[in-house]
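Here's the structure we're looking at; comments come further down.
The values are calculated or read from the model by the stated rules, or taken from the named source; none is laboratory data. Just so you know, these numbers come straight off a predicted model, no measurement behind them. Cβ sites come from the backbone with ideal geometry, for glycine too, and all protein chains shown count toward neighbours. Please note that ligands, DNA and RNA were not included when accessible areas were found on the heavy atoms of the full protein model with its side chains. Shrake-Rupley method; radii C 1.70, N 1.55, O 1.52, S 1.80 Å.
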Amino acid sequence: MSDFTPAPPAPLPKSARSRIGLRVVIFAVAAAFALWFIGDLAYISIDAGHDYAQKCDVILVLGCNIGSPEQPSPCMTARAGHAADLYRQSLAGYVIATGGPTYPGTTEASQLARLLERDGVPAEHVVLEDRALNTIQNVRYSAEIMAEHGWDSAILVTEPFHIRRATLVAEDFGLRVWPSPAVRSSNWDTPLARAYTLARDALSLMLYQAKSLVGMRD
């Protein structure tokens, strides 16, 4: 029988151990980010097309890319059309059209107002919130308008991919809202468009959550 004992393996050089440790950290961070994204994607997808509209004080319709004053974007047409449908059903007596100057010479709110009036909502029943540049500001400035008018509840209108995040933001600001998604939208009616817009909004929700953790509300 041999008395030979193999020598223990030589320890890895410090540089090699550092590289392995860095790879483990990168993998852990990537895995955590992926799980976060998947969780938020599931959150905004579940019941995204379900309509919870009921009689409220006002309809709050969120603005989006204008397109142009002469040729409204599909998202503008979808959101304004759905809000007008709710108004004609007498679910609320007023509509807040939101959105600031994201296109030269006009605002999202004024574009929505034109479409609402075209679809049968009287101009005197449309209130403009024309300062906001994002969803958080849409909600914040609309909350101020609601408080000024003594309105306590709102039907929240946007497209399905955006409805869950918008509802979360509204509730974080203390608003009582009932989500009512505009499902007749080109951003929703094909599988590819639906997948893209949901993924994009999941990333937006992650950004909102990160900002909320550090106390940013804008």
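A Förster radius of 41 Å, combined with the Cβ-Cβ distance separating Asn134 from Ile20, puts the computed FRET efficiency at roughly 0.45. Applying a 4.7 Å cutoff between beta carbons, the unpaired cysteines of the chain are Cys56.
Taking Cα centre as origin and charging only the Cβ of basic (Lys, Arg, +1) and acidic (Asp, Glu, -1) residues, the dipole magnitude of region 160-218 rounds to 40 debye. Panel note: the C-alpha atoms of the chain, placed on their principal axes, show extents of 101, 35, 35 Å (largest first).
Region 136-186 and region 74-90 have their alpha-carbon centroids 14 Å apart. As a calculated quantity, the FRET efficiency between Glu144 and Tyr43 at R0 = 30 Å, using C-beta atoms, amounts to about 0.65. Full extension of the chain between Leu203 and Thr102 gives 34.2 nm of extra length, using 0.36 nm per residue less the Cα-Cα distance. Applying 1/(1 + (r/R0)^6) with R0 = 35 Å to the Cβ-Cβ distance of Asp152 and Ala195 gives a FRET efficiency near 0.40. Taking every DSSP helix (H) stretch of at least 4 residues in the chain, weighting each as -39,500 (n - 2.57) and dividing the sum by the residue count yields a mean residue ellipticity at 222 nm of -17000 deg cm²/dmol. Each of Asn65 and Ala32 was given a label point 7 Å from its Cα along the Cα-to-Cβ line. The distance between the two points is 3.4 nm. Judged by the mean number of other Cβ atoms found within 10 Å, the most tightly packed of the peptides 161-167, 39-45, 53-59, 68-74 leads the ranking 161-167, 53-59, 39-45, 68-74. Per residue, the chain exposes an accessible area of 53 Å² to a 1.4 Å probe, with every protein chain left in place. Sorting Val183, Val95, Val127, Val24 on solvent-accessible area from highest to lowest, probe radius 1.4 Å, gives Val24, Val183, Val127, Val95.
When only the Cβ of Lys, Arg, Asp and Glu is charged (+1, +1, -1, -1), the dipole of the chain relative to its Cα centre reaches about 960 debye.
The residues packed around Thr106, meaning those with a beta-carbon under 14 Å from its beta-carbon, carry a net charge of -1 if Lys and Arg are +1 and Asp and Glu are -1.
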